[in-house]
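Read the structure below first, then the notes.
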Amino acid sequence: MRLRRFLCVMFSCVIAVSCFGAQAKAASAEVCVVYSNAERASGRFSVEIPGNTLAVTSSDFPLETGESVTINAVYSPQSASVDFGLIAPDGLFYSFRAAHGNFNKTITIGQRGSYTLAIRNNSSSDISVSGFVTY
């Protein structure tokens, strides 16, 4: 169990470091792993997300139908267009648009499986995001 957690953290660090050199393109969104939250029911995050980039966590969390996930976050600049949500077992990003620099939403799970927290910066400028996720 400790080895698995260590490998997960190391893998997420390698991926996170590799994202620093990535250039965002206006026409398409890049994906960058931002943090690892393995084997915890809640976690804090703080991340810089380049423009036009989808940032995802490096680990997923198993959820049952009817369970809920709460995402509470703030971002700047407040004028940025930002979506918060979950990537479901079907691979689709179920997102909600944030407004005025903050986001607080509880999402009820409709399908059993592993979910991944994701944040999409729809703006061309970089944003700073911090917050909590509980499940």
Check whether at least one residue in the stretch 41-48 is in contact with a strand residue (DSSP E or B) (Cβ under 7 Å, 6 or more places away or on another chain) and at pLDDT 95 or above, and report yes or no. yes
So VAL74 clears everything in (1) part of a strand (DSSP E or B); (2) closer than 18 Å to VAL56 by Cβ except one condition, right? Which one? (2)
Test ASP83 against the stated conditions and say whether it is among the acidic types (Asp, Glu) and not in a strand (DSSP E or B). no
Considering only residues that are assigned to a loop (DSSP other than H, G, I, E, B) and either within 15 Å of ARG120 (Cα to Cα) or among the basic types (Lys, Arg) (or both), which ones fall in the stretch 92-104? LEU92, ALA98, GLY101
Report yes if SER123 is in a loop (DSSP other than H, G, I, E, B) and touching a Ser or Thr at 6+ places or on another chain (Cβ under 7 Å), otherwise no. yes
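The values are calculated or read from the model by the stated rules, or taken from the named source; none is laboratory data. The structure displayed is predicted, hence computed values, not measured ones. No Cβ is skipped: glycine too gets one built from the backbone with ideal geometry, and neighbour counts run over all protein chains shown.
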